[in-house]
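In what follows, a structure is listed as structure tokens, so that the remarks can point back to it.
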Amino acid sequence: MVNGLAVLGWGVGGIEAEAAMLGQPQSMLLPEVVGFKLTGKVKEGVTATDVVLTVTQMLRKKGVVGKFVEFFGPGLDSLTLADRATIANMAPEYGATCGFFPVDDETLNYLTNTGRKKARVDLVEAYAKAQGLFRTARSKDPVFTDTLDLDLGSVVPSMAGPKRPEGRIALEDIASGFAKALESEYKKSADIGKRYKVKGEDFDLGHGDVAIAAITSCTNTSNPSVLIAAGLLARNAVAKGLKSKPWVKTSLAPGSQVVAEYLKAAGLQKDLDKLGFNLVGFGCTTCIGNSGPLPEAISQTINDKGLIAAAVLSGNRNFEGRVSPDVQANYLASPPLVVAYALAGTVTMDLTKEPLGEDKKGKPVYLRDIWPTAKEVQDFIAKYVTKKIFQEKYKDVFKGDANWAKVKVPAGQTYAWDDKSTYVQNPPYFVGMGKSAVGVTDIEGARVLGLFGDKITTDHISPAGSIKAASPAGKYLTGNGVAVADFNQYGTRRGNHEVMMRGTFANIRIRNHMLGANGKEGGYTIHYPSKDELSIYDAAMKYKASATPLVVFAGVEYGNGSSRDWAAKGTNLLGVRAVIAQSFERIHRSNLVGMGVVPFVFEEGTSWQSLGLKGDETVSIEGLATVKPRQKMTAKITFADGMVKNVPIVCRIDTAEEIGYLNNGGILQYVLRDLAA
């Protein structure tokens, strides 16, 4: 999000970040820079979230993986710094290395309004102008590798779903879009209109009912324009006598305490409270699966009847299995639309035409009746989002609260490992490591761990969300005396490799096509030569016991989505030597290299499907000891009937430095040997 403030920076993989903290420089290929020209001005009723979902859809379609995106044009004059940060924050979702905005008067206004000293603001202005980096309405358009453009006046209210951030749908088409997904993706057309009684409650549930409506952390939820809009919409709804539907789990978890302060000062939090949007904390919640369990009766009805329930959240990620194990259709939306869907209780309604409910006199109330005007929102921002709030809330930001101060830390220069901890364990990356690198060996007779489709996200690969009791990770925790109620989430146990490696490829929605044409949901595979169906973890451990290397095959944009280092760490710990895909997302590719797992891509037009792979083949790749960046190589694939295909592949180790990481077994081993030298 710093790119919205004209600070050029981008995310690296967690593994690269660990190495950088130890002094290791980062290497990369020089990126192309794609210019995104913005013109016009957003219409009344359109939010920054609608803009960013439109931008995300356009850039995913364009294809900007590994590229910088710079926004320019007269449309920037109408975008606040918060709006720009919202767009920049979605760079991982549209696939770019970064989404950058130039320095201009809005940058300086933000620095002033958030309490920076005048001397600092003056320095930023003087430096940017001296370097020719300061944008004005008269600035000439920069020169880019390629460009695309958007008239902000063409943006309409939208949401994205049911399972990808780039799946933007106009608000008026949400109901029909869900109906289409229900038939084509979820195969539920036969019982589309059925509703089922919820035990112990006076309501029933059906497909498309909203089980979770969450104003959750992310830059979307630190933007005053959409948060004030949500509060005003709540105020207007309460005044009309509207209430959230009883089956909707509601919450408010902004990313900043400043948000809580200005909502309270404006008197809007009390209206949000009346609709169930109580402040539950600060930081990542629903977007990473931390909404907690649904009420037992609702969860049971959803699962017993096979309902496709929905979630509407203001985060930036809605990948499969991430938000809740009970909710399959997940939509990204602006905070005011989150409130609106809590009132509606379903995504099967057209909120542009159908009423949300009835007022105290029995008259229908439509979304347009309670939607605040842009002027109302800006008036509240001007009055309540003040420099004083920022100064007050951030003056002691690094001290923490009383609970943080009470945490006792053992003395010493190194971390004191607790062998009994189920949260943090000493990882085995350096076990058996010598002082000198031994190089990389060829892959011989590797078995296939998985055949995966297109756009497998790091959430599919890396553990995310809740831990099921029957899963390998759940069994490990139970075996170590942890009650199911205390499992917490995978994210909170990411310091324990025993939990995380058991959760790798264990996403409840991942499909391994080794188990049939459409695959089987969940982390399962076929072990060969036994032909046993096992969890991916259990199969990997059997292969490890027999010293059998593993490979994974996948489609386009493997590792799509957020940067999750455990997607690569878990892959390594399961014994996977190589991933062969049609293409990779930038950070996951670098994370794989950092963990000593070699990424390969097929030549254009080739896929594991075109090769006719079933998963019972063996794979050998020679020449790894002398591999060069982006070298063309050959995968020797031996089929179960003895037929052999020599398949051209390209090694996606991109730089000489990455060759060094591979020869050392990974970037962490490389850095450790360098420090010890």
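The values are calculated or read from the model by the stated rules, or taken from the named source; none is laboratory data. This is a predicted model, so every value here is computed, not measured. Quick reminder, even Gly has a Cβ in these numbers, built from the backbone with ideal geometry, and neighbours come from all protein chains shown. Note: accessible area is taken over every heavy atom of the protein model, side chains too, but ligands, DNA and RNA are not part of it. Shrake-Rupley method; radii C 1.70, N 1.55, O 1.52, S 1.80 Å.
When 1/r is averaged over all different Cα pairs and the result inverted, which Kirkwood radius in Å belongs to the range 121-199?
One over the average 1/r among Cα pairs gives 17.9 Å for the range 121-199.
For a label point 7 angstrom out from the Cα of Lys61 toward its Cβ, which stretches of the range 89-129 have the backbone nitrogen within less than 16 Å?
What the label zone holds, given the 16 Å backbone N cut-off, is 94-95.
In whole Å, largest first, what are the principal axis extents of the Cα atoms in the range 406-495?
Largest to smallest, the principal-axis extents are 51, 39, 25 Å.
Counting only the backbone N, which residues of the range 475-496 are under 18 Å from the spot 7 Å out from the Cα of Tyr423 toward its beta-carbon?
In the range 475-496, the label zone of Tyr423 (backbone N under 18 Å from the point 7 Å along Cα→Cβ) covers 477-478, 480-496.
Which net charge results when you count Lys and Arg as +1 and Asp and Glu as -1 among the other residues whose beta-carbon is under 13 Å from that of Ile467?
+3
From the cross-link list Lys41/Lys375; Lys435/Lys542; Lys43/Lys180; Lys117/Lys388; Lys420/Lys544; Lys264/Lys393, which pairs have alpha carbons spaced over 20 Å apart?
Exceeds cut-off: Lys435/Lys542; Lys43/Lys180; Lys420/Lys544.
In Å, the Kirkwood hydrodynamic radius of the range 327-416 over pairs of distinct alpha carbons?
This gives a value of 18.3 Å.
Tell me, what is the FRET efficiency for Glu354 and Ala137 to the nearest 0.05, using R0 = 41 angstrom and their Cβ-Cβ distance as r?
E between Glu354 and Ala137, to the nearest 0.05, is 0.45.
Normalise the Debye intensity by I(0) for the range 221-306, one equal point scatterer per Cα, no solvent, then take log10 at q = 0.17, 0.19, 0.21, 0.23 Å⁻¹ and round to two decimals.
-0.76, -0.89, -1.02, -1.13
What is the gain in length, in nm to one decimal, between Thr606 and Ala119 on full extension, counting 0.36 nm per residue of separation less the C-alpha to C-alpha distance?
Roughly 169.5 nm would be gained on extension.
Pulled fully out, how much extra length does the chain show between Glu32 and Asp105, if you take 0.36 nm times their separation in residues and subtract their Cα-Cα distance?
23.6 nm
From the phi angles alone, apply the Karplus equation (6.51, -1.76, 1.60; θ = phi - 60°) to the range 306-313 and give each ³J(HN,Hα) in whole Hz, x where the residue is Gly or Pro.
Listing the rounded values in order: x, 6, 9, 7, 10, 10, 10, 9 Hz.
Determine the percent antiparallel among the DSSP beta bridges restricted to the chain, to the nearest 5.
45 percent
Short version: ³J(HN,Hα) in whole Hz for each residue of the range 144-155, in order, from phi by Karplus 6.51 cos²θ - 1.76 cosθ + 1.60 (θ = phi - 60°), x for Gly and Pro, what are they?
In residue order, the calculated couplings are 10, 5, 7, 9, 8, 9, 9, 7, 4, x, 8, 6 Hz.
Excluding ligands, DNA and RNA, what is the solvent-accessible area per residue of the chain at a probe of 1.4 Å, expressed in Å²?
Ligands and nucleic acids excluded, the result is 44 Å² per residue.
Label-point separation (nm) for Lys614 and Thr655, each offset 7 Å from Cα along Cα-to-Cβ?
Once both label points are built, they end up 4.4 nm from each other.
Quick one: net charge of Tyr543's neighbours, Cβ under 13 Å, K/R +1, D/E -1?
Charge balance in the 13 Å sphere: +2.
Quick check of the Kirkwood formula: for the range 448-498, what is the inverse mean of 1/r over all pairs of different Cα atoms, in Å?
For the range 448-498, the Kirkwood estimate is 12.3 Å.
Please give the FRET efficiency for Lys383 paired with Thr112, using the beta carbon to beta carbon distance and R0 = 22 Å, rounded to the nearest 0.05.
Efficiency at R0 = 22 Å is approximately 0.80.
Percent of accessible area on the chain owned by carbon and sulfur, 1.4 Å probe?
Using a 1.4 Å probe with all protein chains present, the chain comes out at 52 percent carbon and sulfur.
In the neighborhood of Ala175, defined by Cβ-to-Cβ distances under 11 Å, what is the net charge if each Lys or Arg adds +1 and each Asp or Glu adds -1?
Counting the neighbours of Ala175, the net charge comes to -2.
Can you give the Rg to Rh ratio for the range 469-592, taking only C-alpha atoms and Rh from Kirkwood?
Computed over Cα atoms, the ratio is 0.96.
Can you give me the convex hull volume of the Cα atoms of the range 1-117, divided per residue and expressed in Å³?
Cα convex hull per residue, to the nearest whole number: 125 Å³.
7 Å from Cα along Cα→Cβ at both Gln257 and Ser546: what's the point-to-point distance in nm?
5.7 nm
Mind ordering 301-314, 225-238 by average Cβ neighbours within 10 Å, highest first?
225-238, 301-314
Translational diffusion coefficient of the range 545-619 at 25 °C, 0.890 mPa s, Stokes-Einstein with Kirkwood Rh over Cα pairs, in µm²/s as a whole number.
My calculation gives 191 µm²/s for D.
Leaving out ligands, DNA and RNA but keeping every protein chain, what accessible area does Met541 have, in Å² rounded to the nearest 10, with a 1.4 Å probe?
Result for Met541: roughly 50 Å² accessible.
For the chain, max minus min Cα coordinate along each principal axis, in Å, sorted largest first?
76, 68, 56
How much length is gained if the chain between Asp77 and Val156 is pulled fully straight, taking 0.36 nm per residue apart and subtracting their Cα-Cα distance, in nm to one decimal?
26.5 nm
Note down the nm distance, to one decimal, between modelled labels 7 Å out along Cα→Cβ at Lys305 and at Tyr196.
Each label point is offset 7 Å from its Cα along the Cβ direction, giving 0.6 nm.
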